[in-house]
Structure formats: C-alpha cells, structure tokens
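The values are calculated or read from the model by the stated rules, or taken from the named source; none is laboratory data. Fair warning: this is a prediction, and the values are worked out from it, not measured in the lab. Here the Cβ positions follow ideal geometry from the backbone for every residue, glycine too, while neighbour counts run over all protein chains shown. The area values use the complete protein model at the heavy-atom level, side chains included, leaving out ligands, DNA and RNA. Shrake-Rupley method; radii C 1.70, N 1.55, O 1.52, S 1.80 Å.
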Amino acid sequence: MSLKQTTIQIELEFFAILKDLLSPNWSVSFDQPLTIKDLKNYLIRKFPQAEDVLKYSRFSTETTILNDNAIVDKNTKIYVLPPSSGG
Amino acid sequence: METISNYLTKEPIEIEKLLSHIDLKSCGAMVIFTGHVRDHSINQKGEIKNVKALEYTAFEPLANQLIYEILSEAKSNFHLNGAYCLHRLGFLNLEEIAVIIITTAKHRKECYQANQYIIDRIKHEVPIWKKEYFTDGTTEWSEGCIHEH
C-alpha cells in the first residue's frame, strides 16, 4: 500500500513595507504540515532582505491572528502583517 | 447578533456628524480624542523630517474585527455607556484627522482611562500602516509597534 503524499499550498498576501520589499502575493507549497513559526523562518531564509520586518510580523487569517504554534495542515491563505503603525 | 461596524473610512472625518449619533442621556462625561497629521516626524536614525502628507492602508477585515473587540473590551472593562472609533484610510494632508476615539460614561475618570486604553491598543494591535511623505520628496513606512510573541 502506498501512502498518498499531501501537498499543502499556502497563498500569502503581504502588506505595507513587505508589499514594497517583496510583492503583494506569494505562493508556496510544503509536503508536510508546518507551524507559523516554521513558515516565518522559511520566509526569512527565502527573503533575507525583509528579515528585519518579517521577524516582527504577525500572521493571520481574515479574522484571526495566528500564534507561532498554530499549525497549517491544509491549503490556505495567510496574511503577513508588518508591525502596526496606525492611530 | 451584533454586527461588526465599519470602523474605517476613506472620507474626511466629521466630528459633528459622529456626535449627532451618540446618545448622551445617561452620560455625565464624554471624552473625544482626535489624532492628526503633524508636520514633522523623527525617523529611526533620530533625524527630524518635515512631513507633507501621510497615507494609511489597512488589512480591512481583520482591522474591523480587532477594533470591534477592543471597543467591546473597553466598554466592559471600564463600564462605559459607549465607545466609538473611526480611522481614516488613504492620503491625508497636514492637520487632517487620522483617527477619532469617543468614550462616554457616567463619570469622567473611566472616560479618560478607556479612551487612552483604546487608542494605545489600536496603535499597537490593529493592522493599519502609515506611510510618511516628506517635503524632500522621499517616503518612509513608519516603523510600527513590535509585537512580542
């Protein structure tokens, strides 16, 4: 019996300075579930020019901030939010 | 079920228009905070730069959700009669209102405390970003609040 390997497709949307440094959107695939912390570390390795912002950025769905231990185990869209400067 | 309002606007904020919707019958106090675009900014290097305009952007669904939660918690924690917020998005010129926070209560103490609580949390938590346009032609994203994880 062969095990079916599941690919997890993550669509990322970047905001503010990250949108300028990188691009508005980015797609990435992983062959196993990962945590938000894993995703952040991956992005920092992938985009070293944005490390200083990424390390302090939050990750979210449309309505919920995701903590570092949150697990991504299915196709999903995640929003990458640089430190806030409103108000 | 209470619906989440839209706390963001691309239109200039009109204080009188907002006040006309607030019921003050059982309130002894109201505190209004307005944040404005000022003509200077200090960057990360400590340099003072002359500001011409600001641009605010937001991740709107989450921003509205978080502002709703902050206002709800403020109303509960400080026993307010009402808590209101409107944040401007888009391009703003000098002196324009970027954000307004209105708190109403039986007494002034909770009004003042809650108002500061709300603006501090909005600045720190809500996904809204400010880009500064300087008179020398350069632009810079404001550094923002670092989140502890």
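Some notes on this structure:
- Excluding ligands, DNA and RNA, the accessible surface per residue across the range B:34-149 is 50 Å² with a 1.4 Å probe.
- Only lysine pairs 8 or more places apart or on separate chains count here, and in the range B:1-104 those with Cα atoms under 23 Å apart total 4.
- The residue among A:15, A:84, A:49 whose Cα reaches farthest toward the positive pole of the charge dipole of chain A, with charges on the beta-carbon of Lys, Arg, Asp and Glu, is A:49.
- Given charges at Cβ of Lys, Arg, Asp, Glu: the protein assembly as shown dipole, positive-most of B:138, B:9, A:30: A:30
- Only helical runs count toward this figure. For chain B, summing -39,500 (n - 2.57) over DSSP H runs of n ≥ 4 and dividing by all residues gives -9000 deg cm²/dmol at 222 nm.
- Descending Cα extents along the principal axes, chain A, whole Å: 56, 26, 19
- Just the protein heavy atoms count here, and of the accessible area of the protein assembly as shown at 1.4 Å, carbon and sulfur take up 49 percent.
- Highest average packing first - B:16-24, B:56-64, A:57-65, A:31-39, Cβ atoms within 10 Å: B:56-64, A:57-65, A:31-39, B:16-24
- Considering only the protein assembly as shown, percent of DSSP beta bridges that pair antiparallel, nearest 5: 85
- Every helix of 4 or more DSSP H residues in chain A counts as -39500 (n - 2.57), and over all residues that averages to -6000 deg cm²/dmol at 222 nm.
- Cβ-placed point charges (K, R +1; D, E -1), dipole of the range B:1-93 about Cα centre in debye, nearest 20: 280
- Fraction of beta bridges assigned by DSSP in chain A that are antiparallel (%, nearest 5): 70
- Close Lys-Lys pairs in chain A, where close means Cα under 17 Å and separation is 8 or more or interchain: 13
- Dipole magnitude of chain A, debye to nearest 20 (Cβ charges: Lys/Arg +1, Asp/Glu -1, about Cα centre): 100
- With contacts taken as Cα pairs under 8 Å and at least 6 residues apart, chain A reaches a relative contact order of 37 percent.
- Calculated over the range B:32-141, the projected area of the Cα convex hull averaged across directions stands at 7.2 nm².
- Candidate aspartates and glutamates for bridging to residue B:123, where Cα separation is under 18 Å - those fewer than 8 sequence places away on the same chain excluded: B:55, B:60, B:69, B:73, B:96, B:132, B:140, B:143, B:148
- Dipole size of the protein assembly as shown about its Cα centre, with +1 on Lys/Arg Cβ and -1 on Asp/Glu Cβ: approximately 280 debye, rounded to the nearest 20.
- For the range B:1-126, relative contact order (Cα pairs under 8 Å, six or more residues apart, normalised by length) works out to 37 percent.
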